[in-house]
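Trainee: So that we are looking at the same thing, I have put the structure below in structure tokens.
The numbers here are math on the coordinates, done by the rules we state, and not lab data. Computed from a prediction, not measured in an experiment: that's the story for all the values here. Here Cβ is always computed from backbone atoms with ideal geometry, including for glycine, and neighbour counts include all displayed protein chains.
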């Protein structure tokens, strides 16, 4: 998916990333958001009306992707605490405002993960 540049910038400022294979930071951030969104779609059973709870429940989709090192694509991934929350809030806001279109774009791509609830 093509994410808004301001969202990519917010996460770029909120993360220290050392790529595993030289992938540009912006592409890794987009991959992180794509993976988290696929997990949100799965957790919401494809229903955009359930986006808010699917993003914020325990062991969040975004947190799981970060914890996985963006599917093992980074050597180092460090959160900048003062900038992380505003970036996450911007992502959640964007997801909530555009849930129907985003869920349509990710239809059939929901990605199951261990969310400690299943």
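Trainee: Looking at (1) surrounded by fewer than 15 Cβ atoms within 10 Å (Cβ to Cβ); (2) in contact (Cβ under 8 Å) with a residue 24 or more places away in the chain; (3) in contact with a helix residue (DSSP H, G or I) (Cβ under 9 Å, 6 or more places away or on another chain), find the lone condition where residue 51 falls short.
Mentor: Of the numbered conditions (1) surrounded by fewer than 15 Cβ atoms within 10 Å (Cβ to Cβ); (2) in contact (Cβ under 8 Å) with a residue 24 or more places away in the chain; (3) in contact with a helix residue (DSSP H, G or I) (Cβ under 9 Å, 6 or more places away or on another chain), the odd one out for residue 51 is (1).
Trainee: Which of the numbered conditions does residue 112 fail, given that it passes all the others? Conditions: (1) more than 11 Å from the chain's Cα centre (by Cα); (2) surrounded by fewer than 19 Cβ atoms within 10 Å (Cβ to Cβ); (3) assigned to a helix (DSSP H, G or I).
Mentor: Condition (3) is where residue 112 drops out.
Trainee: Separate question: Within segment 64-80, can you find the residues that are loosely packed, with under 14 Cβ neighbours inside 10 Å and either touching a helix residue (DSSP H, G or I) at 6+ places or on another chain (Cβ under 9 Å) or closer than 20 Å to residue 113 by Cα (or both)? Can you show your working first?
Mentor: If we filter segment 64-80 for residues that are loosely packed, with under 14 Cβ neighbours inside 10 Å, which is where we start, we get 67, 71-72, 75-76, 78, 80.
Correct list: 67, 71, 72, 75, 76, 80.
Trainee: Quick one: how many residues across segment 92-109 are closer than 13 Å to residue 46 by Cα and buried (at least 17 other Cβ atoms within 10 Å of the Cβ)?
Mentor: Applying the first criterion (closer than 13 Å to residue 46 by Cα) to segment 92-109 yields 99-109.
Imposing the further condition that a residue be buried (at least 17 other Cβ atoms within 10 Å of the Cβ) reduces the set to 99, 102-103, 106.
Qualifying residue count for the region: 4.
To keep it simple, each residue is scored yes or no on (1) in a helix (DSSP H, G or I); (2) under 18 Å from residue 93 (Cβ atoms); (3) touching a strand residue (DSSP E or B) at 6+ places or on another chain (Cβ under 6 Å).
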{"site": "3", "(1), (2), (3)": "no, yes, no"}
{"site": "13", "(1), (2), (3)": "yes, yes, no"}
{"site": "17", "(1), (2), (3)": "no, no, yes"}
{"site": "27", "(1), (2), (3)": "yes, no, no"}
{"site": "37", "(1), (2), (3)": "yes, yes, no"}
{"site": "41", "(1), (2), (3)": "yes, yes, no"}
{"site": "45", "(1), (2), (3)": "no, no, no"}
{"site": "54", "(1), (2), (3)": "yes, yes, no"}
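Trainee: Let me ask something else. I'd like the full set of residues that are farther than 13 Å from residue 62 by Cβ and either touching a strand residue (DSSP E or B) at 6+ places or on another chain (Cβ under 9 Å) or in contact (Cβ under 8 Å) with a residue 40 or more places away in the chain (or both), limited to segment 78-101.
Mentor: 78, 80, 83, 86, 96, 99, 100, listed by residue number.
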